[in-house]
Amino acid sequence: MKIISSLTFIVIFLSGFTNITQAAPSCANNIKPVKTDAGGYFVYKCPKHSSASTTSSVSTVNTGPKGLAGIDIENDSTKDWYPAPMNGFHDYMLKETWRARDFNNDGYTDFIYIGGMTYSTNDGGKKARTTGDLCGGKACTGQLARVGFWLGTESGKLVKSNDLFIDNREYPGVSLGKGAQVADFNNDGVLDLFINDHGTGGQDGFRDSYFLSQSNGTWLESSDTHLSHPNFQVFSHGGSTGDINGDGHMDVVVTHTGPSAHNTHHRLMCWMNDGTGFLKKRGCGGHFSFAIELGDMDGDGDLDLFQAGLEKSECKHCAITGIVWNDGRGNFSKHNTTRLPQHGEIYFNVPEVSISDLDGDGDLDLALSRAGHLYGGTAVSIIENLGNKKFKSHGIIEVLPVPDGYVATSEANPWNNFIISIKFRDLDEDGDMDVYLHSHRPRTNGAVLLNKGNLNFEVLMPHQTKHLISKK
């Protein structure tokens, strides 16, 4: 565990937007400026008996109406949360991700698990180099995975309740669900679930799944009735949800990669919500990417798109790590992008990204899951949002590096411990956000980046974090 020396990298993107964030003033005698809400923005001022040492006297962050993002739901610190139990709670080939929320509004934390199918292939994937090779480079066949759902109870015991998620399709289940997008899509006060499914085997993806809450306390797979294209199939490695056009309804954005992407100029597909939970598909721009997250990165009230993927320097089609700015109507033009620092030689694979205010200055900072060649080696990087579309890298934080001289030959290598999802909570209750890391391997699942202030983090491995992440 070590932190590679920080690389300072500032990206400036010139813009005509009027809502900007300036540097907060510094006051005499090391007195901190006072932050107050001035009705739509924050004002930082030095106390009366202190004089600012800089000519900048006011820092503004737009706090007016803004679109709700899925990340706001996932990281709502007012809601009870604790990491999902991983042993014996589902039998997927892969334990991809989970969500902890009170899905039935009874006051207790419930858990949804998604993952991959049990596939059938002659060689069992032994010769596979990547997930796409598992069944000879084509889509795998076999038993599709079902949503795992466990209800919380007053006693703290979780009760298996998979039957509450009803899938009446001819071939029910998911192939390899990469993201559980949770939001109240049909506006009935109960959380729903959209699963972006990139499929097991091949590079053409698999149809997504969409579960809407019903009045009888169940969730019904509703693709046929509530998706404009219920069998749309795309290699949707990444997904996110949020109100991207400001109409008050939660939309879904998924990445559009794989062979079928060559037939369109759009590398993002947006499912636009009409308010009843009916989602209409349209292309909405973007670059090639593996991982995306939505958040208001410039304080203008709409949700921008943070994206990343492969950064390897010799890769011609690799992703751009950066912010694609929302035009206010839910479009993410690749020509309106602020590029962020990349690490194209070692930890160039970015399977997941997330967003939170890690330094308490009122804007959203960036966290990236990183892995090396064929997912060998595990790391995280942190990028600070300085405001005014400027960003600063705080380098690479190695969580579990590969041994010197080791070269992976397939994704099934023993050093594939990459971080699948990143969650934020004040785990040590010191007033700032810490970073919880979830993976599919016990060596890194439950590792924590403990926030020490000023975007400095202490890496704690899973065996060191039990006192921080027990049930709260």
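The values are calculated or read from the model by the stated rules, or taken from the named source; none is laboratory data. This structure is a prediction, so every number in the text was calculated from the model and none was measured. For neighbour counting, all protein chains shown are included, and Cβ atoms are generated from backbone atoms with ideal geometry for every residue, glycine included. Only protein heavy atoms, including side chains, enter the accessible area calculation; ligands, DNA and RNA are left aside. Shrake-Rupley method; radii C 1.70, N 1.55, O 1.52, S 1.80 Å.
Scanning region 427-442 for residues that are farther than 15 Å from Ala367 by Cβ and under 21 Å from the mean Cα position of the chain (by Cα), we see that the one that is most open to solvent (accessible area, probe 1.4 Å) is Pro442. Among the residues of region 364-375, those identified as open to solvent by 10 Å² or more (accessible area, probe 1.4 Å) and modelled with pLDDT under 95 are His373, Leu374, Tyr375.
Has region 166-181 got any residue that is under 20 Å from Ala84 (Cβ atoms), outside any loop (DSSP other than H, G, I, E, B), hydrophobic (A, V, I, L, M, F, W, C) and open to solvent by 10 Å² or more (accessible area, probe 1.4 Å)? Taking every residue of region 166-181 in turn, none turns out to be under 20 Å from Ala84 (Cβ atoms), outside any loop (DSSP other than H, G, I, E, B), hydrophobic (A, V, I, L, M, F, W, C) and open to solvent by 10 Å² or more (accessible area, probe 1.4 Å). Residues in region 342-354: is at least one open to solvent by 20 Å² or more (accessible area, probe 1.4 Å), in a strand (DSSP E or B) and in contact (Cβ under 8 Å) with a residue 60 or more places away in the chain? Checking region 342-354: at least one residue is open to solvent by 20 Å² or more (accessible area, probe 1.4 Å), in a strand (DSSP E or B) and in contact (Cβ under 8 Å) with a residue 60 or more places away in the chain. Scan region 228-240 residue by residue and report those that are at pLDDT 90 or above, under 24 Å from Gly202 (Cα atoms) and surrounded by fewer than 23 Cβ atoms within 10 Å (Cβ to Cβ). Once the filter is applied, which keeps residues that are at pLDDT 90 or above, under 24 Å from Gly202 (Cα atoms) and surrounded by fewer than 23 Cβ atoms within 10 Å (Cβ to Cβ), region 228-240 yields His229, Pro230, Asn231, Phe232. Looking at (1) at pLDDT 95 or above; (2) of a type outside the set (Ser, Thr, Tyr); (3) surrounded by 19 or more Cβ atoms within 10 Å (Cβ to Cβ), find the lone condition where Lys390 falls short. If we test Lys390 against (1) at pLDDT 95 or above; (2) of a type outside the set (Ser, Thr, Tyr); (3) surrounded by 19 or more Cβ atoms within 10 Å (Cβ to Cβ), just (3) comes out false. Here Cys135 clears all of (1) open to solvent by 20 Å² or more (accessible area, probe 1.4 Å); (2) within 29 Å of Val253 (Cβ to Cβ); (3) more than 26 Å from the chain's Cα centre (by Cα) except the condition numbered (1).
If the condition is being assigned to a strand (DSSP E or B) and either among the acidic types (Asp, Glu) or over 18 Å from Ile166 (Cβ atoms) (or both), then region 196-219 contributes Asn196, Asp197, Phe206. Quick one: in region 286-311, of everything that is assigned to a strand (DSSP E or B) and open to solvent by 10 Å² or more (accessible area, probe 1.4 Å), which residue is farthest from Thr241 (Cα to Cα)? Ranking the qualifying residues of region 286-311, first place goes to Leu310. Could you tell me which numbered condition Leu455 fails, if it satisfies all but one of (1) within 22 Å of the chain's Cα centre (by Cα); (2) within 29 Å of Tyr108 (Cα to Cα)? Every listed condition holds for Leu455 apart from (2).
A quick yes/no check of all residues on (1) open to solvent by less than 50 Å² (accessible area, probe 1.4 Å); (2) modelled with pLDDT of 95 or more; (3) under 20 Å from the mean Cα position of the chain (by Cα); (4) over 19 Å from Asp304 (Cβ atoms):
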site: Gly242; (1), (2), (3), (4): yes, yes, yes, no
site: Val252; (1), (2), (3), (4): yes, yes, yes, no
site: Thr257; (1), (2), (3), (4): yes, no, yes, yes
site: Leu268; (1), (2), (3), (4): yes, no, yes, no
site: Asp274; (1), (2), (3), (4): no, yes, no, yes
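When you scan region 182-203, do you find a residue that is over 13 Å from Thr276 (Cα atoms), surrounded by fewer than 24 Cβ atoms within 10 Å (Cβ to Cβ) and at pLDDT below 95, even just one? Yes. Whether a residue is within 20 Å of Gln307 (Cα to Cα), open to solvent by 10 Å² or more (accessible area, probe 1.4 Å) and modelled with pLDDT of 95 or more was assessed, and Asp357 passes this test. Ser421 falls short of the stated requirement of being touching a strand residue (DSSP E or B) at 6+ places or on another chain (Cβ under 9 Å), under 19 Å from Gln307 (Cβ atoms), at pLDDT 95 or above and surrounded by 19 or more Cβ atoms within 10 Å (Cβ to Cβ).
In region 90-106, the residue that is surrounded by the fewest Cβ atoms within 10 Å (Cβ to Cβ) out of those that are at pLDDT 60 or above and assigned to a loop (DSSP other than H, G, I, E, B) is Asp106.
Tell me whether region 139-150 contains one or more residues that are among the aliphatic types (A, V, I, L, M), modelled with pLDDT under 95 and surrounded by fewer than 20 Cβ atoms within 10 Å (Cβ to Cβ). Yes, region 139-150 contains at least one residue that is among the aliphatic types (A, V, I, L, M), modelled with pLDDT under 95 and surrounded by fewer than 20 Cβ atoms within 10 Å (Cβ to Cβ).
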